[in-house]
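Written out below as structure tokens is the structure these notes cover.
Computed from the coordinates by the stated procedures, all read-outs in this text should not be read as laboratory data. Bear in mind the structure is a predicted one, so any value in this text is a computation, not a measurement. Cβ placement follows ideal geometry from the backbone for every residue including glycine, while neighbour counts extend to all protein chains displayed.
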Amino acid sequence: MKKATIITISTVLLLQTVSVFAMVTPAAGSFAYDLYDIAVNEILLGPIGFVAGVASMAFAAILAIRQMILPAAGVVLGGAFLLSADTVVQSVGALII
């Protein structure tokens, strides 16, 4: 009896619908477009973001050589985010529950 109840509740929870919102790029001329353009296109996807990504990878290599593996892993993740920021920015808007 307990097992059937758990399976039924799990099935009901899995089949429920959820409201999902998608983030989109602001339209040109709108209020937030200038902020988006400067923050994402000029800084994150521009030369500043690329240099920061490469510098963080070099810093992660230095940390790994010094046997500081956990901080190096965090810096590698941050550097990978900066180097692949264009795909991250596109995929962030996929699903926001």
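Worth a mention:
- Span-rule helices in the chain, defined as complete DSSP H runs reaching 24 Å or more along the axis (Cα) with Kyte mean at least 0.5: 47-65
- Each of ILE69 and ASP86 was given a label point 7 Å from its Cα along the Cα-to-Cβ line. The distance between the two points is 3.5 nm.
- One entry in (i) -0.35, -1.16, -1.36; (ii) -0.27, -1.11, -1.39; (iii) -0.58, -1.07, -1.19 is log10 I(q)/I(0) by the Debye sum over Cα atoms at q = 0.11, 0.22, 0.25 Å⁻¹ calculated from the shown coordinates; its label is (iii).
- Placing a pseudo-label 7 Å from each Cα along the Cα-to-Cβ vector at VAL12 and ALA28 gives an inter-label distance of 5.2 nm.
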